[in-house]
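One structure below.
No lab work stands behind these numbers, since they all come straight from the coordinates. The structure presented is a predicted model; accordingly, all values stated were derived computationally and were not measured. In this analysis, Cβ positions are derived from the backbone assuming ideal geometry, glycine residues included, and neighbour counts consider all displayed protein chains.
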Amino acid sequence: MFENLSDRLRQTMRSLRGQARLTESNIQDALREVRMALLEADVALPVVREFINQVKERAVGREVIDSLNPGQVFIKVVHEELIKIMGESNESLNLRVQPPAIILMAGLQGAGKTTSVGKLARFLKEREKKKVAVVSADVYRPAAIEQLKTVAGQVGADFIPSSGSENPVYIARKAVESAKLMNADVLIVDTAGRLHIDEELMGEIKEVHAVLDPIETLFVVDSMTGQDAANTAKAFNDALPLTGVILTKIDGDARGGAALSIRHITQKPIKFLGVGEKLEALEPFHPDRLASRILDMGDVLSLVEEMEAKVDREEAERITNKFKKGEGLDLNDFKAQMEQMLNMGGINTLLTKLPGMGDIAEKAKGKVDDRIFVQKIAIINSMTPAERADHKLIKAPRRKRIADGSGVNIQEVHKLLKEFDQMQRMMKQFKGGGVRKMMRSLKGKMPRR
């Protein structure tokens, strides 16, 4: 996410860190680089102008010039102004109404609206503990209603049936009554998308909005359309009282122009980011955290929240207790650890959220493939329970059977068992103060300053 923008800004910030003193001249050079980085990221020109003006006003003042570490203060100014243009802080959904709280989803065709309905339903169900009902008022796309039914089943939301022969306004009215009978806390209404903005679409969605009187009206937009995303959001905002934006396909957007432009142009907050195809790939939007990620300061808070939401605590405690008691870990434990890693989004996702790891994450891209974990899990799944409990049973004939069963060559089975052996040896070092001894021996070899 935002690789190009991050790369350019990191280079600019790096050049300033070495400056003993900042002058108006080298600040101008830095600002020129920042301006080019934002334009290349497809950030809307009015947003770029305001951002650069604000940074310049603060940077050439005493706040930066007279500071003990001007390079770091300049980075702090850029960080704070990035946060400001994206909206200061996270704005959560307002669900403080008599149930059901109605959320209307609007947007163009292909933006990922129906999938976002499912993602949002899952988020509200798991994070907010809400009973969620969904309905499709998209009567023009034959597969839309069936698609939402499938998605609802996958996330455990109540699906309210509708038909392509029904009027969207009638569907909306009926859905509210059904949601009340179901005792739903939240009703999410999916609406029809179009390939472009037209009067017919706007007229219809205004009618549906008037009938529903939703507490939240969210505009779903594809981040990869850059400035167009911000302009389309503005057109919808002029027609509807939008309360927020869901920015989708953010994982495929190397530029980031939409995230940096939408708030400024529409004056409406981005509330969620769609960060992948999976139904759990929806994150609340935190401008401060995203600004930190863009400047390679990491996003540890989001990482901690993801761990709390996605890591199986019972499984993690079981492995920790085995470790504390000095019991050896088996291949079932090895498999569980890899599954936890995949649930967290894989190695590349973790690296992007750790401070100072931007360059490493970039280098790892293409070299570290999370499909390796999937392959290793398949190999372990091809073993018998006895083999997983005691890997020493796995001699040559068994290795051949396991390779055939998991669809890999026998070298991959050798490799996995070797890695497991190495992990076990490393774990033994942690027992009986092994780590302390290892650190002491390393300390003696460290060069003195």
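What the table shows:
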item: DSSP-defined beta bridges in the range 101-290 - what % are antiparallel, rounded to 5; result: 10
item: Distance (nanometres) between label positions extended 7 Å along Cα→Cβ at Ala143 and Arg49; result: 4.4
item: Difference of contour (0.36 nm per residue) and Cα-Cα distance, Asp421 to Gln98; result: 110.5 nm
item: Simple spin-label estimate for Met182 and Arg398 in nanometres, 7 Å along Cα-Cβ; result: 5.0
item: Spatial separation of Cα centroids for the range 189-252 and the range 142-160, in angstrom; result: 20
item: FRET efficiency, 1/(1 + (r/R0)^6) with R0 45 Å, evaluated for Asn26 and Asp390 via beta carbons; result: 0.10
item: Pair Thr150, Val60: separation of 7 Å Cα→Cβ label points (nm); result: 5.8
item: Using a Förster distance of 35 Å, the FRET efficiency for Lys174-Glu128 (Cβ separation, nearest 0.05); result: 0.90
item: Full-stretch length increase - Glu339, Met36 - with 0.36 nm per residue and alpha-carbon distance subtracted; result: 105.0 nm
item: Sites Asp198 and Asn90, calculated FRET efficiency, Cβ-Cβ separation with R0 35 Å, nearest 0.05; result: 0.60
item: Over 22 Å between alpha carbons, listed pairs Lys335/Lys395; Lys125/Lys271; Lys206/Lys234; Lys129/Lys268; result: Lys129/Lys268
item: Gain on full stretching of the segment that runs from Ser163 to Asn332 - 0.36 nm per residue minus C-alpha separation; result: 56.1 nm
